[in-house]
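In what follows, a structure is listed as structure tokens, so that the remarks can point back to it.
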Amino acid sequence: MDGRTDIRSLRHYIGGQWVDASGGATFDVLNPLDDSHYAHAAKGTADDVRKAVSAAKEAFTSYKETTPTERERWLLRVAEIMETRQKDLVDCLIDEIGSPVQKAMFEFTKGLTMIRAAAGMCRNVRGETIPSDRPGTFSMSIREPLGVVAVITPFNVPLIKTTRLVANALAVGNTVVHLPSEMAPHLTVLFAEIVAEAGVPEGAYNVVTGMGAEIGDDLTGHKDVDFVTFTGSTVVGQHINEICAKNKTPNTLELGGKSPTIILADADLDKVMPLAARSMFMFAGQACIASSRFYVERPLYDEFVKRFAMIVGKLGMGDLRDPNTVIAPAISPRQRDRIKTHIEDARAKGATIVAGGEWVGNRCQPTLLTDVSDDMTVCRAETFGPVTSIYPVDSYEEGLAKANDTEYGLSSAIFTKDIDKAFHFARNSNAGMCHINGPTIHDEAHVPFGGNGESGVGREGTDADMEAMTELKWVTVQL
Ligand code: NAD
């Protein structure tokens, strides 16, 4: 299936077999740059989901007995094969979801790290010995995999999310049913090909492509699904949370954000500016941890706005394969409408558009807004596009209060030389992640990644997933 002009035909991967959707229906995947046809994929049904869960459940019986060495070897082999298929994966990230090549390469490199970090988990599925009040009793906890893990991933960082969540689930002995975003099925199918080639046992990893809104509930509400990990919008996350609550299915939810950055008067703008641009405009703001709110202490405010406008005016909007290109197309007509509505609403209510605001094809220019007030949609809602607001503040305390004035709580950042204020912010930011003198966009395989409030429930990352995707069992031996 190599060659970008080929018509790709994507199938489910269930029980180690490549299969069409029951009933044979397919759906089209479009290249977001120009809406040209990119692929068509099996349009999964409830029946396909049931088959995939059944295959994962059956495989679990033997997969949970595999040794750490075996699982480690499979995962490291996945990473090796990924390296040989770098071009396929990077091309897919460019043409399927419109990633500029530098973002695609970032994602590819990060994905490799995710897999290798997961391989390191295999030997660390540990319990502990526990003192007992009963004489002659040896007491311990053992950590066991849960069973079938449902992984649901979004379009924007499909390789990072797939590598992290699938590999972490497999590393600790679970089997997986994966429902990728309907806008990024090819990336997951490529990953499944790699998993198959690496020799991961049949049925341990299953992929069903299709419309999440149609078949998602069949997966998350299935009685044989033992854990759900979802990354996507807050609305869908809330819905999944309710389904999981009904079945008492444990879950992690990684949802939307409205992440703030505070810049205090003592910050060094030479250092701040490139990081500010990166924290908002990487992948054109289609990042959950993008900084869509900047609070700048008044002495730096005018200079910050001026420099930010200059920088964003120079962000590349050319060929996605040009390493200087930063600005990506917005993924879908629905998403383009949302971005346009947010900008127009702000404009109509009196915001100043300091930079951007116009469209070139499906790409929105990087857009900076000032004079944003609370009644504007962009002030509180996630835009998920290249639009950010800059607000002046008179003090650190005002910045902190405004940063926390949100229903979301994903990432946050502060730039200052004042260690007391920096640490005060780290302790008092309501976000799940806080970066001092660094951008809100930051992720590593082993850190506790996740948010509070409307941004989600639970954390992911090697240690956090080890906790979440396994259960402790108490065992005693009477000697
Ligand atoms: P989305 O919620 O529209 O879709 C995400 C996934 O959910 C897709 O695979 C979709 O098919 C599926 N889905 C839809 N309805 C479902 C249902 N009823 N049951 C199960 N699955 C269902 O989100 P999106 O537009 O793909 O991604 C953008 C959103 O994701 C943004 O809000 C962004 O902030 C968030 N996000 C969060 C993180 C994080 O780690 N916190 C990372 C990336 C993206």
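Of everything in the range 6-40, what is crowded, with 17+ Cβ neighbours inside 10 Å, within 24 Å of P329 (Cβ to Cβ) and charged (D, E, K, R)? Give them in sequence order.
Across the range 6-40, the qualifying residue is only R8.
Given the conditions (1) more than 23 Å from F155 (Cα to Cα); (2) in a helix (DSSP H, G or I), and given that V354 satisfies all but one, which numbered condition is not satisfied?
(2)
Could you list all residues from the range 46-77 that are more than 12 Å from A204 (Cα to Cα) and touching a Lys or Arg at 6+ places or on another chain (Cβ under 9 Å)?
P68, T69, E72, L75, L76, listed by residue number.
Go through (1) charged (D, E, K, R); (2) over 22 Å from the mean Cα position of the chain (by Cα); (3) open to solvent by less than 10 Å² (accessible area, probe 1.4 Å) for D268 and report which single condition fails.
Only one criterion in (1) charged (D, E, K, R); (2) over 22 Å from the mean Cα position of the chain (by Cα); (3) open to solvent by less than 10 Å² (accessible area, probe 1.4 Å) is unmet by D268, namely (3).
If you scan the range 204-242, which residues turn out to be within 17 Å of R11 (Cα to Cα) and within 11 Å of the ligand (Cβ to nearest atom)?
Across the range 204-242, the qualifying residues are V208, T209, G210, M211, G212, I215.
Working only within the range 198-221, note down all residues that are farther than 22 Å from W18 by Cα and over 21 Å from the mean Cα position of the chain (by Cα).
Residue satisfying the conditions is G221 alone.
Where the second residue is of a type in the set (K, R) and surrounded by fewer than 23 Cβ atoms within 10 Å (Cβ to Cβ) and the first is touching a residue at least 60 places away in the same chain (Cβ under 8 Å) and lies in the range 387-414, which pairs have Cβ atoms under 6 Å and are six or more apart or on separate chains?
Listed by first residue and then by second, the contacts come to P392/R298; D394/R298; Y396/K421.
Given (1) in contact (Cβ under 8 Å) with a residue 24 or more places away in the chain; (2) within 13 Å of the ligand (Cβ to nearest atom); (3) open to solvent by 10 Å² or more (accessible area, probe 1.4 Å), identify the lone condition not met by A290.
Answer for A290: the failing condition is (3).
Pull out all pairs, ordered by first then second residue, where Cβ-Cβ is under 6 Å, the residues are six or more apart or on different chains, the first lies in the range 252-276 and is within 29 Å of T153 (Cα to Cα) and within 16 Å of the ligand (Cβ to nearest atom), and the second is part of a loop (DSSP other than H, G, I, E, B) and open to solvent by less than 10 Å² (accessible area, probe 1.4 Å).
Partner pairs satisfying both residue conditions: E254/G450; G257/L410; S259/L410; S259/T440.
How many residues, within the range 224-240, are in a helix (DSSP H, G or I) and either touching a Cys at 6+ places or on another chain (Cβ under 9 Å) or open to solvent by 50 Å² or more (accessible area, probe 1.4 Å) (or both)?
Number of matching residues: 4.
Please go through the range 355-387 and give me each residue that is β-branched (V, I, T) and under 26 Å from the mean Cα position of the chain (by Cα), ordered by number.
Passing the criteria: T367, T377, V378, T383, V387.
Of (1) without any contact (Cβ under 8 Å) to a residue 12 or more places away in the chain; (2) under 27 Å from the mean Cα position of the chain (by Cα), E65 satisfies all except one. Which?
(2)
For K43, indicate whether it is more than 30 Å from A284 (Cβ to Cβ), in contact (Cβ under 8 Å) with a residue 60 or more places away in the chain and open to solvent by 50 Å² or more (accessible area, probe 1.4 Å).
no
Pairs only if they're at least six apart or on different chains, beta carbon under 6 angstrom, first in the range 210-221 and of a type in the set (D, E, K, R), second more than 6 Å from the ligand (Cβ to nearest atom); list them, first residue then second.
Matching pairs, first to second residue: D218/A46; D218/V49.
Look through G256, G212 and report the one residue that is open to solvent by 10 Å² or more (accessible area, probe 1.4 Å), out of contact with any His (no Cβ under 8 Å at 6 or more places or on another chain) and under 19 Å from I160 (Cβ atoms).
G212
Test S181 against the stated conditions and say whether it is touching a Phe, Trp or Tyr at 6+ places or on another chain (Cβ under 6 Å), farther than 26 Å from R116 by Cα and of a type in the set (S, T, Y).
Considered against the rule, which asks whether it is touching a Phe, Trp or Tyr at 6+ places or on another chain (Cβ under 6 Å), farther than 26 Å from R116 by Cα and of a type in the set (S, T, Y), S181 comes out as no.
Out of the range 283-301, which residues are part of a helix (DSSP H, G or I) and touching a helix residue (DSSP H, G or I) at 6+ places or on another chain (Cβ under 6 Å)?
Scanning the range 283-301 gives a single hit, F283.
Which of (1) touching a residue at least 24 places away in the same chain (Cβ under 8 Å); (2) among the charged types (D, E, K, R); (3) outside any helix (DSSP H, G or I) does D319 not meet, given it meets every other one?
Answer for D319: the failing condition is (1).
Within the range 326-344, how many residues are more than 16 Å from the ligand (Cβ to nearest atom), open to solvent by less than 30 Å² (accessible area, probe 1.4 Å) and over 22 Å from the mean Cα position of the chain (by Cα)?
So the answer is 1.
The values are calculated or read from the model by the stated rules, or taken from the named source; none is laboratory data. Nothing here was measured: the structure is a model prediction, and the numbers come from that model. We place every Cβ from the backbone using ideal geometry, glycine too, and count neighbours over all the protein chains shown. Each accessible area value is taken on the protein alone, full model and side chains, heavy atoms only, with ligands, DNA and RNA left out. Shrake-Rupley method; radii C 1.70, N 1.55, O 1.52, S 1.80 Å.
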